[in-house]
1. Suppose we filter A:90, A:113 for residues that are away from chain B (no Cβ under 11 Å) and either in a helix (DSSP H, G or I) or aliphatic (A, V, I, L, M) (or both); which single one remains?
2. I'd like the residue in segment B:15-41 that is assigned to a helix (DSSP H, G or I) and β-branched (Val, Ile, Thr) and, out of all such residues, is farthest from residue B:149 (Cα to Cα).
3. Being more than 10 Å from chain A (Cβ to nearest Cβ) and either more than 23 Å from residue B:22 (Cβ to Cβ) or free of Cβ contacts under 8 Å to residues at least 60 places away in the same chain (or both) is the filter here, so list the residues in segment B:80-98 that pass it.
4. Does residue B:40 fit the bill of being surrounded by fewer than 16 Cβ atoms within 10 Å (Cβ to Cβ), of a type in the set (Val, Ile, Thr), away from chain A (no Cβ under 14 Å) and out of contact with any His (no Cβ under 7 Å at 6 or more places or on another chain)?
5. Please enumerate the residues belonging to segment B:91-128 that are within 30 Å of residue A:59 (Cβ to Cβ) and β-branched (Val, Ile, Thr).
6. Could you grab me the full set of residues in segment A:70-83 that are within 11 Å of chain B (Cβ to nearest Cβ) and buried (at least 24 other Cβ atoms within 10 Å of the Cβ)?
7. Would you mention how many residues in segment A:24-69 are polar (S, T, N, Q), within 12 Å of chain B (Cβ to nearest Cβ) and buried (at least 17 other Cβ atoms within 10 Å of the Cβ)?
8. List pairs: first in segment A:15-26 and under 21 Å from residue A:161 (Cβ atoms), second among the charged types (D, E, K, R) and modelled with pLDDT under 90, Cβ under 8 Å, 6+ apart or cross-chain?
Amino acid sequence: MAGGKIVVAGGTTKSWKVLLGLRIFAFMATLAAAIVMSLNKETKTLVVATIGTLPIKATITAKFQHTPAFVFFVIANVMVSFHNLLMIALQIFIPKLEQKGLHLLSIAILDMLNATLVSAAANAAVFVAEVGKNGNKHAKWNKVCDRFATYCDHGAGAIIAAFAGVILMLLVSAVSISRLLFNSNKFSSTAPSATATDVP
Amino acid sequence: KLKSTLIERSMVKLTKRIGGLVLRLAAFGAALAAVVVMVTSHERASFFAVSLEAKYTDMASFKYFVIANAVVTVYSFLVLFLPKESLLWKFVVVLDLVMTMLLTSSLSAALAVAQVGKKGNANAGWLPICGQVPKFCDQITGALIAGFVALVLYVFLLLYSLHSVVDPFLLQKS
């Protein structure tokens, strides 16, 4: 069949389009989060002491590598965006691969695992950032954000993008699971001649 | 001969169902343990006439950990009583995914903050607190381990629910 629509046995074309759209948005969100956080750096020269009339300045840098939670954040978001990129490529270029049941199952499981990964990363980063923003009186940890405002703003933007990625990955997993269920019901209720409706 | 294969098949189904229930019960127990251990962790330490009391409510991350694990506990308890033929099992798959996401997020947030508490953050000028309240730190570690066990069990439960809802015919490679 020339041009026209590509019919895949793993569900209707509508769910295929919805899934592709969701994956593209999830890819963009997680990639943005990873990039913004990995470029997050601010250097400030502060006066730490004054001896007589001579101010002693120190150059302090706030980098994302200082906090393990942010390092995990960057790595996890890179992994999830790579997963989404792979799935997008798989969906566009090799749609026939999804007709076999085991592939739909592995795609659904991978989507679920990556959804949990990105939710873990985003949450760890947001709680550590909250401690950095508000400080913690009980543990006597001072806030960082009053001196490094740009660093905190960029971090907040990255975390918001990651949370958008979390919601999108949850939707992607839900759609993958529903496609798996739809495909399994179709295979169990109809005869094996269902494969004859494939587009070569 | 047909009768023996039917009995065999129903035995396999029963084993799978019991296995699923045991898994769910274990996850319920682990999440409950995480909640209880975290809630009962508090220690009072005094030095230089300054009294320092460490409670789990000091950190927002630990509060979220308790809430998330409590939600998972209640949910597991309710699903334990779901009848086998109910149509809600398809919904349980998505809810299991949501609960797993809750568990991972609460565990990683609590771990991130506990790591700062244990090692401190030299660049931000945050000193570690575990040296002053070691018993508190140990209990937090115990709660986090229970949370991790609950997470691992929930990942298996997620795969189990998916398997029990997806038609086995699919997995036999038509």
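1. Numbers: A:113 fails: away from chain B (no Cβ under 11 Å).
One residue alone meets the criteria, A:90.
2. B:15
3. B:80, B:81, B:82, B:83, B:85, B:86, B:87, B:88, B:91, B:95
4. yes
5. Taking segment B:91-128 and keeping what is within 30 Å of residue A:59 (Cβ to Cβ), we get B:112-113, B:115-128.
Scanning segment B:91-128 gives B:113, B:116.
6. Narrowing segment A:70-83 to residues within 11 Å of chain B (Cβ to nearest Cβ): A:70-73, A:76.
Correct list: A:70, A:73, A:76.
7. 1
8. Between residues of segment A:15-26 that are under 21 Å from residue A:161 (Cβ atoms) and residues that are among the charged types (D, E, K, R) and modelled with pLDDT under 90, the close pairs are A:19/A:179.
The values are calculated or read from the model by the stated rules, or taken from the named source; none is laboratory data. As the structure is a computational prediction, the values presented were derived from the model and not from experiment. So basically every Cβ, Gly included, is an ideal-geometry build from the backbone, and we count neighbours across all protein chains shown. The area values use the complete protein model at the heavy-atom level, side chains included, leaving out ligands, DNA and RNA. Shrake-Rupley method; radii C 1.70, N 1.55, O 1.52, S 1.80 Å.
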